[in-house]
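Student: I have a structure I would like to understand better, so I am pasting it below and will then ask my questions one at a time.
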Amino acid sequence: MYYGLVHYPDVDRALIDRIRREYDPTVDLIEPHLTVMFLVPDTVGEQELTVHIESVLEHWEPFPIRLHGFRKSSDHWLLLVLEDGNASVVKLFSDIYTGILAKFRRDDIEFIPHVSLGLFVKRPEQYDFKDPQELEFDEPSCQKAVEEAEALGMDFRCTVDRLHLVKFTDDVSRIVSSQEFLLDATA
C-alpha cells in the first residue's frame, strides 16, 4: 500500500475532467487534485504518518491559490499550474518532508504544484506512478490537449484549507481509504 497527501481544490471539476477524461489515466482513480506529498510506502506506519501530518499542519492556516496556465512536466504530464500560491504549496511540501518523511523526499523529481490534466507518452501502460521515469513523448496529443484546455479558459481561485491522506493499493489502481486534515493554526 502507498500513501499520498493531496488537496482537492474547490473548482469546476467537470470542466477539468473534460480534459482529464480523454488524457489522464487516473481520471477514474482520483478527483482533480493538488499533490502535496508523493507516494510513500505504508511501511512508514499510518499512525506515525497521521501524527506527523497533524504536527506539521498545526502551524498552517488556510491560504489562497489560483490555478491558471499550463506546463509540461519532465515525465510528460500536462499540468494546470498555480499562478498564485505556488510558494506556499512548495513550503508546505517542504514542511511535510521533514521528520519521519525526510528519507522519502524525492529530489530527483521536480516538485511543481499543479493539477494534472493528462499523460502524454507513446506507451502510457509503461508509466510507473511509484517511480516516474521519462518515456517517449507524444507531442501531437499534448499540443491538442493544450489547445483544448486553453479554449476552456481554465482560471480558478480557491483556498487550500484541508488536505487528504489517501491510501492506495500496492498497484496504485484503487483508493482504499482517505483521511481529512484541516489547516487552521488558530484552532
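Read-outs throughout are calculated quantities, based only on the coordinates presented, and are distinct from any laboratory measurement. These numbers come from a predicted model, not from an experiment. Methodologically, a virtual Cβ is constructed for each residue, glycine included, from the backbone with ideal geometry; neighbour enumeration extends over all protein chains shown.
Student: For a quick check: with amide H placed at 1.01 Å from N, whose amide H comes under 5 Å from Val36's, ignoring anything fewer than 5 positions away on the same chain?
Tutor: The answer is Leu5, Val6, His7.
Student: Could I ask something else about it? Measure nothing fancy, just the Cα-based angle from helix 139-151's long axis to the longest principal axis of the chain, in degrees from 0 to 90, nearest 10.
Tutor: That works out to roughly 80 degrees.
Student: Among (i) 23, 19, 17; (ii) 26, 20, 14; (iii) 29, 18, 16, only one was calculated for this model; which label is it, if the read-out is semi-axes √(5λ) of the Cα gyration tensor in Å?
Tutor: Among (i) 23, 19, 17; (ii) 26, 20, 14; (iii) 29, 18, 16, the one calculated here is (ii).
Student: So, in Å, what gap is there between the alpha-carbon centers of the stretch 14-47 and the stretch 71-109?
Tutor: 14
Student: Tell me, in nm to one decimal, what length is gained between Asp184 and Glu83 on full extension, where the rule is 0.36 nm per residue of separation less the Cα-Cα distance? Please list the in-between numbers first.
Tutor: Details: separation 101, 0.36 × 101 = 36.36 nm, distance 2.32 nm.
Length gained between Asp184 and Glu83: 34.0 nm.
Student: OK, next. Report the equivalent ellipsoid semi-axes for the stretch 23-87 in whole Å, largest first, defined as the square roots of five times the eigenvalues of the gyration tensor built from alpha carbon atoms.
Tutor: Semi-axes, largest first: 26, 19, 10 Å.
Student: Another question about this same structure. How big is the dipole moment of the chain about its Cα centre under a simple scheme where the beta carbon of each Lys and Arg is +1, that of each Asp and Glu is -1, and everything else is neutral? Debye, nearest 20, please. Show your work: numbers first, answer last.
Tutor: On the way: 19 positive and 36 negative charges, 14 e Å.
Roughly 60 debye for the chain.
Student: Pairs on different chains or at least eight residues apart, Cα atoms closer than 18 Å: how many lysine pairs in the chain fit?
Tutor: Taking the chain as the scope, the lysine pair count is 6.
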